[in-house]
Amino acid sequence: MTDAVSFRRMTEADLDAVLKIEYAAFSHPWTRGIFADGLKSYDCWLMFEGSQQVGHGVIQIILDEAHLLNITVKPESQGRGLGLRLLEHLMTRANELGARECFLEVRASNQPAYRLYERYGFNEIGRRRGYYPAVGGREDALVMACTLLD
């Protein structure tokens, strides 16, 4: 894992680069419209390794709750601890914005992400049946929650 990681807010001008990573990482990626709408009301961040954009994340804050909506590391940069660095940044932001608890959904089949969230301190609290589109149908989401520390 490298220490040369930095973060900055996502802007409309970043969307082409964000979508390139999003489409490489997911079978059912977010669209430009979803990201553009998110820029208006969510906390949207980019992660860089040196000068290279390697990921992005989006959180929503409602009162004292955060919802992790999107966390993405480009496929060729995965497996080196960058997902944890991005998650830590987003959870710090959520805490700074007054959130005391964070919720998320993760595909039941996405075990690497599930293990990342578990390692951070998230616990599985439920299941949403048929939540995600999937090749050949729908896939369940596992709902996870984590108490944020002050």
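The values are calculated or read from the model by the stated rules, or taken from the named source; none is laboratory data. Given the structure is predicted, the values throughout are model-derived calculations rather than measurements. Reconstructed Cβ throughout: ideal geometry from the backbone, glycine too, with neighbour counts over all protein chains shown.
Some points to look at:
- Scanning the stretch 1-13 for residues that are assigned to a loop (DSSP other than H, G, I, E, B) and surrounded by 11 or more Cβ atoms within 10 Å (Cβ to Cβ) yields Thr2, Met10, Thr11.
Listed here are the residues, each with its yes/no results for (1) crowded, with 18+ Cβ neighbours inside 10 Å; (2) closer than 22 Å to Phe7 by Cα; (3) of a type in the set (D, E, K, R).
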| residue | (1), (2), (3) |
| --- | --- |
| Met47 | yes, yes, no |
| Gly57 | yes, yes, no |
| Gly98 | no, yes, no |
| Val106 | yes, no, no |
| Tyr117 | yes, yes, no |
| Glu124 | no, no, yes |
| Val135 | no, no, no |
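- Any chance Leu142 is modelled with pLDDT of 95 or more, of a type outside the set (Asp, Glu), closer than 20 Å to His56 by Cα and surrounded by 11 or more Cβ atoms within 10 Å (Cβ to Cβ): no
- Criterion violated by Glu96 - all others in (1) within 17 Å of Cys44 (Cα to Cα); (2) touching a strand residue (DSSP E or B) at 6+ places or on another chain (Cβ under 8 Å) satisfied: (2)
- Screening the candidates Ala13, Ala24 for the property of being out of contact with any strand residue (DSSP E or B) (no Cβ under 8 Å at 6 or more places or on another chain) and closer than 23 Å to Pro112 by Cα yields one hit, Ala24.
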